[in-house]
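To start, the structure under review is shown below, and the notes come after it.
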Amino acid sequence: MKILVAVKRVIDYNVQIRVKEDGTGVVTDNVKMSTNPPDDNAIEEAVKIKESGKATEVIAVTVGEEKAQETVRKALAVGADRGIHVKAEGIIEPIAVSKILQKIVEKEKPDLVFMGKQAIDDDCNQTGQMLSALLNWPQATFASKIEVKDGKLEVIREIDEGLETIEINTPAIVTCDLRLNEPRYASLPNIMKAKKKPIEQMNASDLGVDTAPKIQQIKVEEPPKRKAGIKVSSVAELVQKLKNEAKVI
Ligand code: AMP
């Protein structure tokens, strides 16, 4: 069984995001970039399935600029066998990423595609669902537990009401939740070994996919600053302020 895992390079989740002065986006120059957090869970799960003997190969794929290759390299350092880097500049919207992934799936013929549930930069939560529609494959989104059975997957999903257990046939798309597992750290020897693992590079245009944005971003702005709070000296004063000033009781 072959597992393809989509990994995206995003601004590190610890970075305090700054909006550009002209409102055209967020500052990315000299900002720490990392793998989108749920994509780390997706790689971890694929590697664990391979270690359990149920998969034979894990392939990490990314779509993005030259430096996006670092994300694939990191996946190789934690156990993926080989990588694919589809080069594309600028903002690549979920529809373009899913069309690119569709081409990669048609070429590689994996049994499973693992992805993150959502990218923390665009918060779209669309790419997995679009890929499933393009391929006409079953999908399990927000997976917090995955069990591989013969030709099927049992997946526990995080939903508003609690946990839902579903069964889907393979080949399938699974988008991974942060609660799925604890991603491992790459050890130094494995980082060194990963340098020798192959990464195939190609351009999005070689795959015949148009990556021009379909959405025009009009403006990006900081959320409004919260006003400072005040301290009250008694419960009576608090009640009075809630009643007369905030008018909430
Ligand atoms: P999104 O639909 O943008 O929230 O992204 C959902 C998931 O799709 C991510 O967690 C990744 O697994 C995958 N994905 C999105 N964009 C890319 C990209 N440029 N390269 C590789 N994977 C991506």
- Added length on full extension, which subtracts the Cα-Cα distance from 0.36 nm per residue, Thr56 to Tyr185: 44.3 nm
- Item | Net charge contributed by nearby residues that have their C-beta within less than 13 Å of Lys196 (K/R +1, D/E -1) | +4
- Item | 24 Å Cα-Cα threshold exceeded, pairs from Lys67/Lys196; Lys74/Lys214; Lys20/Lys117; Lys50/Lys117 | Lys74/Lys214; Lys20/Lys117
- Query: Angle between the Cα long axis of helix 37-51 and the longest principal axis of the chain, 0 to 90 degrees, nearest 10?
  - Reply: 30 degrees
- Message: To test your reading of the geometry: what angle, between 0 and 90 degrees and rounded to tens, separates the Cα axis of helix 235-244 from the longest principal axis of the chain?
- Response: 90 degrees
- Message: I'd like the orientation of helix 94-108 relative to the chain: the angle between its Cα long axis and the longest Cα principal axis, in ° from 0 to 90, rounded to 10.
- Response: 20 degrees
- Would you list Ser98, Ser52, Ser233 from the most to the least accessible area, probe 1.4 Å? Ser233, Ser52, Ser98
- Can you tell me the relative contact order of segment 2-244? Whole percent, Cα pairs under 8 Å, sequence separation 6 or more. 24 percent
- Note on the structure: Quick P(r) readout (segment 2-244; Cα-Cα; 10 Å bins; whole %) gives 7, 29, 32, 17, 8, 5, 2, 0
- Note on the structure: Computed about the Cα centre, the charge dipole of segment 2-244 from +1 Lys/Arg and -1 Asp/Glu charges at the Cβ has a magnitude in debye, to the nearest 20, of 560 debye
- Per DSSP, the loop-located GluC sites (Glu not before Pro) within segment 27-94 having at most 11 other beta carbons within 10 Å are Glu89
- At Glu200 and Glu154, where each label point lies 7 Å from the Cα along Cα→Cβ, what is the point-to-point distance in nanometres? 3.5 nm
- Query: Based on DSSP H runs of at least 4 residues, each adding -39500 (n - 2.57), what is the mean residue ellipticity at 222 nm of the chain after dividing by all its residues, to the nearest 500 deg cm²/dmol?
  - Reply: -8000 deg cm²/dmol
- Task: Evaluate E = 1/(1 + (r/R0)^6) for Ile91 and Tyr13, where r is the Cβ-Cβ distance and R0 equals 22 Å; express this FRET efficiency to the nearest 0.05.
- Result: 0.70
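The values are calculated or read from the model by the stated rules, or taken from the named source; none is laboratory data. Please read these numbers as outputs of a predicted model, since none were measured by experiment. For neighbour counting, all protein chains shown are included, and Cβ atoms are generated from backbone atoms with ideal geometry for every residue, glycine included. Remember, those area values only see protein heavy atoms, side chains included, never the ligands or the DNA or RNA. Shrake-Rupley method; radii C 1.70, N 1.55, O 1.52, S 1.80 Å.
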